[in-house]
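The values are calculated or read from the model by the stated rules, or taken from the named source; none is laboratory data. Computed from a predicted model, the values in this text were never measured in an experiment. Don't worry about glycine lacking a Cβ; one is built from the backbone with ideal geometry, like all the others, and counts go over all protein chains shown. Ligands, DNA and RNA are stripped out before the accessible areas are found, and what is left, the full protein with its side chains, is counted by its heavy atoms. Shrake-Rupley method; radii C 1.70, N 1.55, O 1.52, S 1.80 Å.
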Amino acid sequence: MTTYSTIQMSSRRAEWIWRERPTLTDVGLALTFGPGRSAKEDQNRFVYFRKTFDLASKVAKAIIHISADGRYQLFVNGQFIGRGPARCDPAFQYYDSYDIAPHLQAGTNVIAVLGHSYGQAMAWYQLPRHEHAQRFGCGGIFVQADLHIGKQILAVDSDASWRYLESSAWQQDTSAGAVGFVEVYDARLAPIDWQGLEFDDSSWKNAALLLEPARPRTPMVRPFPTMVARDIPHLLERSQYALALHRCAEVNEVPNMLSLPQQIGAETLYDLENCQVDEIDNVLTSKGKSTFHTVPGKAVAIVLDFGGTVTGRPVFTLTAPAGAIIDIGCSERLQADHIEPRAHTFLTSENIDRVITRAGQQTWERFEWTGFRYLQLTIRNAQEGLIIHDLSLNFTCYPSTQEGSFECSDELLNKIWQAGVNTLQLCMHDGFEDCPQREQRQFVGDTYVEMLVNFMSFGDRDLSAKFLRQVQQSQRADGMTQTSTPSDMAAWAKTAITDYALYWLMAIREYVRYTGDTEIVTELFPGVERVIAWFERFLDADGLLNEPPHWIFIDWAELDKRGECTALNAQFAHTLEISAQLAEIYGLAGRAKTWREQANEIKASINLHLWDEKRGVYVDGRVKGVQSQRVSQQTNGLCLAYGIVPIERQERLISYITDPARVKLTAAMRPLPEEVSFDEAHDVVLAQPFCAHHLHRGLIKAGYTEQFLTNIRERWGAIIATGSTTIWEIWSPLASQCHAWSTTPTYDLSTYVLGIFPAAEGFSKVLIAPKPCDLKWARGTVPSPQGHIEVAWERHENQFKLSVKAPEAVAVEIVLPRAAKRIEVNSQILWEQGQPEKVGSNWSIEQAGGETHLSCSQGGSYVIVGQ
């Protein structure tokens, strides 16, 4: 049973509050079953709230709990405290907690909150449901504070005594896509220093309580009956400046366009002729100032380069006349020397905001964070002069520290490994995201790979546990999970990716393996059973999944996924096997036995019906008894990775699917010329970065390390060769340029080349089995719940030297990649000419399959030399 730290309805003191709205005319059953209040009433609405109170003395502790339906910013006595809440399903509404004691004083104090309501689902936000939605639509804040003064506790809670003002500074009717609304902010309409003690809020209205009677003799209707304590840390925020000024230019203004992106796209940059800019290089530092003068009909555009993808909120401080305009654009790449304008779609949002200045000095920060490399400011209507004092990025990401490392004798591989870490960091915020600019959705399949890379590089468990629980919260009654959650896609429930439900189960197993948190299995196992049951409904007479509904994804490539899809069946067989392991942890040995038998039956059926003996490969599928002609690396990689391919078939298969003359790039998200020339009887679909995770695992499992490393060097090396410090979504820069589902080399190099893998839950036992490939040496670290595990190896013509440092509580199993005649441990002979020597009672050794296996019951620092 899932347990949460919650604010229970029975113990709530505070009430949810919001602005006054027209009273609903519906009563009785009409209110219960009618349309109710529309969330559109509060679409893209910003509301300021304030509460002043007096303290007789300084407080020792002051814990404030805060939440918002949407997002909030919290201030105490004018000081920024934090923002939130983390993305969540409204049935499990998060609240945040802060100790605000350091910011309080004896005398008068003020708590100020900026609340933003969306009025529609976003990539990371879902509207309220049920009675909440009927009565209140959307929007609201919640504050409950306990101020400890000696032995007394003063309660400061959100109620009708709070004062509020609806903001007119943000234009409400702007366009919105998946990642938020265009922010058009008129500083002339904003109350100055509204967060501070000296501000006079006497003209503001009293807040409205979100509290209404329900049916007779039933509890009152309140928002969010279940409020859950934040279970991840608050996000990192720090200032960061651009690395270079790409361009400072002039443009002829093109007014009256339908949108800001259209206007920016139509304005061609050319060298300064009429406008004036002084000390432009100062925009790259926190020192000095830059001055801009424009002339009517012309504007100044500056384009800053942050050197690679970053995530955060653009922020600037400037002195300006009233009515100057700054358009702020962000993009991952350039188009005709300016930022790439983007229209809002289901996938994303427009990427141009606008600020209209008031007279004097002022600071603006984007409300939502975004991802970009290039930042463009187009300064208009500044004939009187505009001074930028500071222009930077409030960088934000999940506050994880890089704990893992990897280095080897190939510098290209080192760059690829680190680029994967960089990419993942930029895709970790209050959830694992697919990408930081376009969507910011927490996709289930993407997160499976991201979670594994996290365990190699950061070692964080909290964000992974949050993800796993939130997928179960999204699970449908029939067992299928939502593709992305919490998100607009989960709220709409229009699209489900079939194989992503299997990735959730795979992610649970890997989470338990790497963290040792077996208790989570008790929480999630009922959901595991429902997923398996969903898939079992679509098994045919041959024991294969046959055209289950929804979107069978597999990869961004043109596989044949009709009928009995081989890749999906291979993944299902693997999922049954790892679910059997979860069943054993849960204590259901019989269920585990059944699922293993079922997995074996599916494997046998794949080998019987989906193997093409003539070509020596598995075809993509079979429709009504007729095999597809299409062959892919995705399908065969999955079969290799998950124990389907008999040893006698492996050489033919791998030779076929890695033959450069056969492997072809097919359409990912857009048609490509190469797709036209694809020969079904000869060619092989190239695995895109996402599914290459399984291909690599399969090649390593079959012992084809050369092909594994060649694929990384050729495919990911081509990305690094462009100068990118992050990994692309597909083998083309035209899609997302920072996409964490593509970071599998970071996991692969640490797991296979360095050779570190948890042999028991939570690294209570570690397997160290390096695959040197053609490398001369490698070294690195993998974080574990027990402590860091460090490995370094080097190979010579007749010698392999391995250094291991593991926490004492970790049992160590080592596989040397050659059969040695002599083995030394810490300069003492353990094995010579097949005869064991006594080197302590903790060691055992055996040789098999051309490898040397050593094991030790406890960790420590060991130097092992095999000759």
| remark: Helix 566-586 sits off the longest principal axis of the Cα atoms of the chain, rounded to the nearest 10 on a 0 to 90 degree scale, by 80
| log₁₀ I(q)/I(0) of region 135-269 at q = 0.17, 0.18 Å⁻¹, via Debye over equal Cα point scatterers, no solvent, to two decimals? | -1.37, -1.41
| Dmax and Rg, reported as Rg then Dmax, of region 319-390 (C-alpha, Å) | 13.5, 41
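Going by average Cβ density within 10 Å per residue, which order do the peptides 445-451, 827-833, 465-471, 708-714 take, highest to lowest? If you can, show how the numbers build up before the last one.
Numbers: 445-451: 26.6, 827-833: 14.1, 465-471: 21.7, 708-714: 19.9.
The densest-packed peptide leads the list: 445-451, 465-471, 708-714, 827-833.
As an exercise, identify the trypsin sites (Lys or Arg not before Pro) in region 279-341 lying in DSSP coil whose Cβ has no more than 11 other Cβ atoms within 10 Å. Can you show the working numbers first?
Working: sites: LYS287, LYS289, LYS298, ARG333; in loops: LYS287, LYS289, ARG333.
The qualifying sites are LYS287.
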| Debye intensity ratio I(q)/I(0), log10, region 318-442, q values 0.11 Å⁻¹ (C-alpha model) | -0.53
| task | In whole Å, largest first, what are the principal axis extents of the Cα atoms in region 216-340? | result | 74, 35, 31
| query | From the list (1) 45, 33, 26; (2) 50, 33, 29; (3) 67, 32, 25, can you say which value of semi-axes √(5λ) of the Cα gyration tensor in Å was derived from the structure given? | reply | (2)
| task | Could you work out how far the C-alpha centroid of region 786-828 sits from that of region 303-340, in angstrom? | result | 51
| field | Pairwise label distance in nanometres, THR495 with LYS205, each label 7 Å out on the Cα-Cβ vector | value | 3.9
| Lys/Arg Cβ at +1, Asp/Glu Cβ at -1, dipole of the chain taken about the Cα centre: which of ALA244, THR743, ALA759 is farthest positive-ward? | ALA759
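Could you tell me what percent of the accessible area of the chain is made up of carbon and sulfur, with a 1.4 Å probe and every protein chain present? Mind showing how you got there, number by number?
Values: 16170 of 32410 Å².
It is 50 percent, rounded to a whole number.
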| query | What size of dipole, in debye to the nearest 20, comes out for region 169-313 about its Cα centre when the only charges are +1 on Lys and Arg C-beta atoms and -1 on Asp and Glu C-beta atoms? | reply | 880
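How big is the dipole moment of the chain about its Cα centre under a simple scheme where the beta carbon of each Lys and Arg is +1, that of each Asp and Glu is -1, and everything else is neutral? Debye, nearest 20, please. Could you put the intermediate results ahead of the total?
On the way: 80 positive and 103 negative charges, 306 e Å.
Roughly 1460 debye, rounded to the nearest 20.
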| request: Note down the relative contact order for the chain as a percent, whole number, built from C-alpha pairs under 8 angstrom at least six residues apart. | output: 10
| request: Amide H neighbours of CYS397 under 5 Å, at least 5 residues apart or on other chains, H built in the peptide plane: list them. | output: LEU236
| How far is helix 498-515 tilted off the main Cα axis of the chain, in degrees rounded to 10, range 0 to 90? | 80
| Roughly how tilted is helix 411-426, in degrees to the nearest 10 and between 0 and 90, from the longest Cα axis of the chain? | 40
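For region 718-853, calculate the relative contact order in percent as a whole number, restricting contacts to Cα pairs under 8 Å that are 6 or more residues apart.
14
What percent do you get for the relative contact order of region 286-401 when only Cα pairs under 8 Å and 6+ apart count? Don't skip to the end; give the middle numbers.
Values: 273 pairs, mean separation 55.9, N = 116.
Worked out over region 286-401, it gives 48 percent.
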| Cross-link reach list, aspartates and glutamates versus LYS593, counting only Cα pairs under 12 Å and skipping chain neighbours closer than eight places | GLU577, GLU584
| field | Hz values of 3J(HN,Hα) by residue in region 591-597 - Karplus curve (6.51, -1.76, 1.60), Gly and Pro given as x | value | 5, 4, 5, 4, 5, 5, 4
| request: Would you mind counting up the charge near ASN454? Only other residues with Cβ under 11 Å from its Cβ, with Lys and Arg at +1 and Asp and Glu at -1. | output: -4
| remark: Per the charge dipole of the chain (beta-carbon charges, Lys/Arg positive, Asp/Glu negative, Cα centre), the residue among LEU830, PRO255, SER677 reaching farthest to the positive end is LEU830
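Once the convex hull of the C-alpha atoms of region 529-686 is built, how many Å³ does it hold per residue, rounded to a whole number?
On the way: hull volume 18.6 nm³, N = 158.
Measuring per residue, one finds 118 Å³ for the Cα hull of region 529-686.
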| task | Using a 10 Å cut-off on Cβ atoms, rank the peptides 787-793, 255-261, 503-509, 541-547 from the highest mean neighbour count down. | result | 503-509, 787-793, 541-547, 255-261
| Where does the chain land at 222 nm, in deg cm²/dmol rounded to the nearest 500, when only DSSP H runs of n ≥ 4 count, each adding -39500 (n - 2.57), divided by all residues? | -7000 deg cm²/dmol
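Please list the three semi-axes, largest first and in whole Å, of the ellipsoid equivalent to region 407-454, using sqrt of 5 times the eigenvalues of its alpha carbon gyration tensor.
24, 11, 8
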| task | At a Cα cut-off below 17 Å, give the lysines reachable from LYS701, other chains included and same-chain residues fewer than 8 away excluded. | result | LYS603, LYS771
| said: As a test question: what accessible area, to the nearest 10 Å², does SER861 have when a 1.4 Å probe is rolled over all protein chains in place? | reply: 80
| message | Using the Cα centre of region 285-410 as the reference point, and only Cβ charges (+1 on K/R, -1 on D/E), how large is the resulting charge dipole? Debye, rounded to the nearest 20. | response | 600
| task | Report Rg (one decimal) and Dmax (nearest whole number) for region 219-290, counting Cα atoms only, units Å. | result | 22.7, 70
| Out of LEU468, GLY404, MET227, whose Cα points farthest toward the positive end of the dipole of the chain (charges: +1 Lys, Arg; -1 Asp, Glu; placed on Cβ)? | MET227
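Evaluated at 4 °C with a viscosity of 1.567 mPa s, what Stokes-Einstein diffusion coefficient in µm²/s does region 639-758 have when Rh comes from the Kirkwood expression over alpha-carbon pairs?
Values: Rh = 15.4 Å.
After rounding, the answer is 84 µm²/s.
In what order, largest first, do ARG373, ARG342 sit by accessible area if the probe radius is 1.4 Å?
Values: ARG373 65, ARG342 45 Å².
These residues rank, largest area first, as ARG373, ARG342.
How many Å² of accessible area per residue for the chain, probe 1.4 Å?
Working: 32410 Å² over 867 residues.
With the other protein chains kept in place, the chain gives 37 Å² per residue.
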| remark: With T = 10 °C, eta = 1.306 mPa s and Kirkwood Rh from C-alpha pairs, the Stokes-Einstein D of region 23-118 in µm²/s is about 101
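Counting other C-beta atoms within 10 Å, and keeping those with at most 16, which DSSP coil GluC sites (Glu not before Pro) do you find in region 262-359? If you can, show how the numbers build up before the last one.
Values: sites: GLU267, GLU273, GLU279, GLU332, GLU350; in loops: GLU267, GLU273, GLU279, GLU332, GLU350.
Taking region 262-359 and a limit of 16 other Cβ atoms within 10 Å, the loop GluC sites (Glu not before Pro) found are GLU273, GLU279.
Have a look at the DSSP beta bridges in the chain and tell me what percent are antiparallel, nearest 5.
Working: 169 of 184 bridges.
Around 90 percent antiparallel, to the nearest 5.
Report, in cubic angstrom per residue, the convex hull volume of the C-alpha atoms of region 755-843.
Numbers: hull volume 8.8 nm³, N = 89.
Output value, Cα hull per residue: 99 Å³.
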